[in-house]
Amino acid sequence: MPENLPAADPSRRLQAIQVEESCLDLPLTRQIVARAGNLPVEVVADRPDPAPAPVPYPHSLTAGKRLLHLGRNRGRFLKPCPATRQYRCCDYQVLNIGANCPMDCAYCILQAYLNNPWLSFYVNIDDLLDELDQALAGTPGTLHRIGTGEFTDSMALDRLTGLSATLINYMARKNNAVLELKSKAVVLDHLADLDHRGRTIMAWSLNSAEVMAKLELHTADLETRLNAAAQCAAWGYPLAFHFDPIICHPGWEEAYRATIRRLFAVVPASSIAWISLGAFRFLPALRGIIGSRFPRARFIHEEFVPGLDGKFRYFRPLRTRMYQVLLDELSRGAASRTCIYLCMENDTIWQAVFGFTPEERGGLPAMLDATLPPS
């Protein structure tokens, strides 16, 4: 790996690459291996079983975050967001480019989903683009909001993969889709001169300073993320921010207000298309995994109640209060066209927080679509 990579680039943490044999000659594989410099490369069988880990799962995840596996996606790339009927969904579509990331957030829900400890990235990009062509051509009257940040961080490995530039150039030619690249990293220099036509939204997850420092390991800090967002705004990219997960901790009210004040002090409000709010929620299996990998993390020991989707959530009055506090501060600085919304909450909480339900405004997808550039 080149030694001059900035500290905020998570790809610098990689220690090795393994490549499926059938992918060795794919153009993107060759590019990634070349950019990786002196990282050792191992050729493995297609669709390998995980090698025996020196430590049991989930502790194997820690070492796995330093191994990048390059292979094919043999299933579909584009899928609906894994939402549930009981909560309001924004009709987001997930573009699956890989799984896991080199950063290590204590609350990450992927810890309970992954069955391989390593980082996966799919190098059969021609298949990905062909699938996108078919999906967008088949529904020309539908606006697709597509993101790559559901099962991995959109930008964490981008200095190696270069995928975001490929997708940005692709989306610039499409009138019925926008791409959201959501990250906690700041790998940006190669995106400066692209003719994106406003069809790509650069997005960052934000949190309180304490949560970012203690629970979001190997990520860019608040000021670095905000400065990166301001740079993207100067390049003409629309922006988005996600306060998700909002975590209850001592002094959380002022801590989140402080983050929001810094957001609007650094980033032009007029560039922000949307801001989401989502309280911490988790699969039951995640509690034990967090306790095992992060024994000093206390946030997992708060009081939670099972939700309608099987995930544990804060009690409704606390969730409502969290959203109200953040919305109050956001409303002081946000532009009138910015859509502030709740991720995976029901109409009861929407009404308590906003005074209306999405259905009264045409539905959440329509609320988000109204912030996008014209086709």
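Taken together, the values in this text are just the output of simple stated rules run on the coordinates, not laboratory data. Keep in mind that this is a model prediction, so the values were computed, not measured. Note that we place each Cβ from the backbone using ideal geometry, even for glycine, and neighbour counts take in every protein chain shown.
Averaging sequence separations of C-alpha pairs under 8 Å and six or more residues apart, then dividing by the length of segment 10-369, give the relative contact order as a whole percent.
Values: 628 pairs, mean separation 56.0, N = 360.
It comes to 16 percent, rounded to a whole number.
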With a 10 Å cut-off between alpha carbons and a GNM built on the chain, which of Ala220, Ala234, Ala177 moves the most? Ala234
Once both label points are put 7 Å beyond Cα along the C-beta direction, the Gln31-Arg296 separation in nm becomes 4.1
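What does the helix-only formula give at 222 nm for the chain: each DSSP H stretch with n ≥ 4 adding -39500 (n - 2.57), the total divided by the residues, and the result rounded to the nearest 500 deg cm²/dmol?
Numbers: 12 runs with 118 residues, N = 375.
Taken over the chain, the calculation gives -9000 deg cm²/dmol.
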Say a paramagnetic label sat at a point 7 Å from the Cα of Ala352, along Cα to Cβ; which residues of segment 232-255 have their backbone N under 18 Å from it? 246-249, 253
Picking from Lys65, Lys184, Lys174, which is most flexible by a Gaussian network model of the chain using Cα springs under 10 Å? Lys174
Most fluctuating of Arg13, Arg225, Arg159 in the GNM of the chain (C-alpha, under 10 Å) is Arg13
Point-to-point label distance, Ala258-Val41, nm (Cα→Cβ direction, 7 Å offset): 4.6
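Only bridges with both residues in the chain count here: give the DSSP antiparallel percent, nearest 5.
Among the beta bridges of the chain, antiparallel pairing accounts for roughly 25 percent.
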At a Förster radius of 22 Å, what calculated FRET efficiency corresponds to the Cβ-Cβ distance of Arg361 and Ser336, to the nearest 0.05? 0.95
